[in-house]
Ligand code: CP
Ligand code: NVA
């Protein structure tokens, strides 16, 4: 199966995959031979620290191998995207791709005869959302009923969290400046799940009040650099800082990283004992192992 948006999984399947990842984290040796002789191709149009390294280590620890492919040094720049993917799919067992436009990773999935995993596009970041939900699950022992406030840009990370929270019975309150709301189609899809609760506003105080988790992300995602000045102006006053955290239910702080200290989050919050950003980063490794097994149909 392909894994592009997180819409592919039901709430129960998300929880099952998270539980599997928790198990794999506890007993890594049990899974050392699960993907022996399997190869993952990792195609990157954009830069990465966590996604690249965690996927590569995941494949090593599962007994397989990962190939890092920088877009600019491949012939994707010369040939048609679908032709190139059809060839890659004849050499490897699974593909992970980080692209600018969602349409590119969707086209890869259409052309590929092996599973394609979205390693971030302009609309979604499903592997991140799975690691985030795994981290919430580890901290609270459940997902249902947990209140997560997402403060900042309604971007790829936010869109995918909305899907994941709604499917697993969480309450997600999204507060953005006007004009930076998450995708309307995603909000509608999540509300139609009739499980969790999705609340949108332009008022971060309302969103974080009594929240169990506060989450933020960069104000300028990769590919949006040309709008930097306008974005910096529009997000003024939206920094997650100790005053904002005081309004919460002693919330954990989450961020997918990389963080821009002093912009979307202050040093005090990022370095506080309620910050669980490195747990989130760590869980990318474990949850992606579970995602790889799921996509390849390996138990
Ligand atoms: N959170 C995340 O995806 O990090 P990278 O961009 O470094 O891969
Ligand atoms: N929203 C950010 C996430 C980086 C992991 C971006 O797309 O650049």
**OP:** Could you state the angle between the C-alpha long axis of helix 50-61 and the longest principal axis of the C-alpha atoms of the chain, as a value from 0 to 90 degrees rounded to the nearest 10?
**Re:** 50
**OP:** For region 231-281, just say rounded, prolate or oblate: build the C-alpha gyration tensor, square-root its eigenvalues into a ≥ b ≥ c, call rounded for a/c under 1.5, and beyond that prolate if a/b exceeds b/c, oblate if not.
**Re:** oblate
Subject >> Global form of region 19-64, assessed from the alpha-carbon gyration tensor, a/c cut-off 1.5 >> reply: oblate
**OP:** Give me 12, 104 ranked fewest to most by other Cβ atoms within 10 Å of their Cβ, as a rough exposure proxy.
**Re:** 12, 104
**OP:** Compute from the Cα atoms of region 134-184 the Rg and the Dmax, the latter being the longest Cα-Cα distance, and quote both in angstrom.
**Re:** 11.3, 35
**OP:** Send over the semi-axes of region 88-229's equivalent ellipsoid, whole angstrom and largest first, taken as the square roots of 5 times the C-alpha gyration tensor eigenvalues.
**Re:** 28, 19, 13
Original post:
Working from the pairwise distances between different alpha carbons, so that the mean of 1/r is found and then inverted, what is region 58-104's Kirkwood radius in Å?
Top reply: 12.1
Original post:
Arranged by the count of other C-beta atoms within 10 angstrom, fewest first, what order do 59, 134 take?
Top reply: 59, 134
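Suppose we take every Cα in region 164-226 and form the convex hull; what volume per residue is that in Å³?
103
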Original post:
Where the centre of each part is set by its Cα atoms, how far does region 155-215 sit from region 217-295, in angstrom?
Top reply: 15
Subject >> Folded to 0 to 90 degrees: helix 277-296 orientation relative to the chain principal axis, Cα >> reply: 40
Subject >> the chain - Rg (one decimal) and Dmax (whole number), Cα, Å >> reply: 18.6, 54
**OP:** Using a 10 angstrom cutoff on alpha carbons, build the Gaussian network for the chain and name the most mobile of 222, 254, 130.
**Re:** 222
Subject >> Tilt relative to the chain, helix 102-111 - C-alpha long axis, 0 to 90 degrees, to 10 >> reply: 30
Original post:
Where a ≥ b ≥ c are the square roots of the eigenvalues of the C-alpha gyration tensor, would you call region 186-283 rounded, which needs a/c under 1.5, or, failing that, prolate if a/b is larger than b/c, or oblate?
Top reply: rounded
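If neighbour count is taken as other Cβ atoms inside 10 Å, put 220, 53, 117 in order from fewest to most.
Details: 220 20, 53 15, 117 27.
With the sparsest Cβ surroundings first, the list reads 53, 220, 117.
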Original post:
How long, wide and thick is region 27-123, going by the Cα atoms along their three principal axes, in whole angstroms, largest first?
Top reply: 41, 27, 23
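For a distance above 17 Å, tell me the whole-number percent of Cα pairs in region 79-136 that qualify.
Values: 654 of 1653 pairs.
The proportion of pairs with Cα distances above 17 Å equals 40 percent.
No value in this document is a laboratory result; all are computed from the given coordinates. Quick caveat: nothing in here was measured; it's all calculated off a predicted structure. Cβ atoms come from the backbone with ideal geometry, glycine included; neighbour counts cover every protein chain shown.
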